[in-house]
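Shown next, in structure tokens, is the structure this report addresses.
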Amino acid sequence: MGLYAAICFIILSVTLTWAERPECPQVCECPEDPTCPLGTTQDTCGCACNVCVQDIDAECDGFRPCDNMKNLTCDYQLDPTKKQGVCKDQEEDSAPVLDSPTCKPATEWTPCSKTCGFGNSIRITYEEETCVPKAERRLCMIRPCKGQYSRANYTVLKPTNACSRVLRWSQPLHVRFRDCLSSLPLLPRFCGHCSDGRLCSPSVTETRPVAFQCAHLDRKVIRQVMWVRRCTCGGKGSKKGKGKKKLEVRPMELGKEDTEEIEEVEEI
């Protein structure tokens, strides 16, 4: 092969290569003294030009190569003509996309474990990222037991012909839980009694944090407490006592056990 034929073969090979690479120009024209914040490198079209390297998410082609020091590559998937791409991280693109797990919603609070005085109520919640179940507890009191808070007067908030559904103390009082007293006097709501024998229980509640001062601890303790919003008479009841019943606000008789409790409250 003569020299002329060899030159023609090289030119033809370069031309065919360019034709197969739409991201490269038809004619090599190197930029003069380019200002490149990230530095320069050789073009990928074989023109031996010093060109600017491109950062992640920047436009790229044969004369604007991506920074291979950052493991970036020119992605032409968004351009059907394959003339212009976007610099992407090869490792990020190859990493599998993991969807966040869809956890079950929290369960409803269980009924209070006691029909009078403080009991417990539980529900199951799920960790947002791992969906690991965990139990949440709150104190609950549907109504005080007989003999508790004897100095309290009760105001009927939702009277009906069948029951005194929602009661509330007429004045705020400190609430006792075991050897702990609420740091502030409270005005909670309670469920009353159904005159036809049915069970009066909470139908709508919320959960509030309450601070307690405990005798065995030298600090306040925050406990989550059920707060009654509405009550309803449920289940089957007897027809005895059916009809209108006069509802009154009255003090309960003060017992010996509660005298000690009230004296402790009044000292706060």
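Among Lys114, Lys134, which is in a loop (DSSP other than H, G, I, E, B), modelled with pLDDT of 90 or more and under 30 Å from Ala215 (Cβ atoms)?
The match here is Lys114.
Output the strands (runs of 3 or more DSSP E) that fall wholly within the range 18-84 and possess 3 or more residues being surrounded by 13 or more Cβ atoms within 10 Å (Cβ to Cβ), or say none.
Strands (runs of 3 or more DSSP E) meeting the threshold: 50-52, 72-75.
Do we have Asn161 as among the polar types (S, T, N, Q) and modelled with pLDDT under 90 here?
Considered against the rule, which asks whether it is among the polar types (S, T, N, Q) and modelled with pLDDT under 90, Asn161 comes out as yes.
Taking Cys200 as meeting all but one of (1) out of contact with any Cys (no Cβ under 9 Å at 6 or more places or on another chain); (2) surrounded by 14 or more Cβ atoms within 10 Å (Cβ to Cβ), write down the number of the exception.
Only one criterion is unmet by Cys200, namely (1).
Pull out all pairs, ordered by first then second residue, where Cβ-Cβ is under 9 Å, the residues are six or more apart or on different chains, the first lies in the range 18-42 and is at positive phi and at pLDDT 85 or above, and the second is open to solvent by 90 Å² or more (accessible area, probe 1.4 Å) and not charged (D, E, K, R).
Between residues of the range 18-42 that are at positive phi and at pLDDT 85 or above and residues that are open to solvent by 90 Å² or more (accessible area, probe 1.4 Å) and not charged (D, E, K, R), the close pairs are Gly39/Met69.
Take the residues in the range 52-100 that are of a type in the set (Ser, Thr, Tyr) and farther than 13 Å from Cys24 by Cβ; name whichever of them is modelled with the lowest pLDDT. Walk me through it before giving the result.
Going through the range 52-100, the residues of a type in the set (Ser, Thr, Tyr) turn out to be 73, 76, 81, 94, 100.
Those still in the list that are farther than 13 Å from Cys24 by Cβ too: 73, 94, 100.
Values: Thr73: 91, Ser94: 61, Ser100: 68.
Restricting to residues being of a type in the set (Ser, Thr, Tyr) and farther than 13 Å from Cys24 by Cβ, the top hit is Ser94.
Between a first residue in the range 213-234 that is in a strand (DSSP E or B) and a second residue that is open to solvent by less than 30 Å² (accessible area, probe 1.4 Å) and of a type in the set (Lys, Arg), which pairs have beta carbons less than 8 Å apart while being 6 or more apart in sequence or on different chains?
From the range 213-234, the pairs are Arg223/Arg138; Gln224/Arg138; Val225/Arg138; Met226/Arg138.
Looking only at the range 165-190, filter to residues that are in contact with a Lys or Arg (Cβ under 8 Å, 6 or more places away or on another chain) and at pLDDT below 90; which one of those is least open to solvent (accessible area, probe 1.4 Å)?
That would be Val166.
The values are calculated or read from the model by the stated rules, or taken from the named source; none is laboratory data. These figures come from a predicted structure and were not determined experimentally. All Cβ positions, even for glycine, are placed from backbone atoms using ideal geometry, and neighbour counts span all protein chains on display. What goes into the accessible areas is simple: the full protein's heavy atoms, side chains included, and nothing from ligands, DNA or RNA. Shrake-Rupley method; radii C 1.70, N 1.55, O 1.52, S 1.80 Å.
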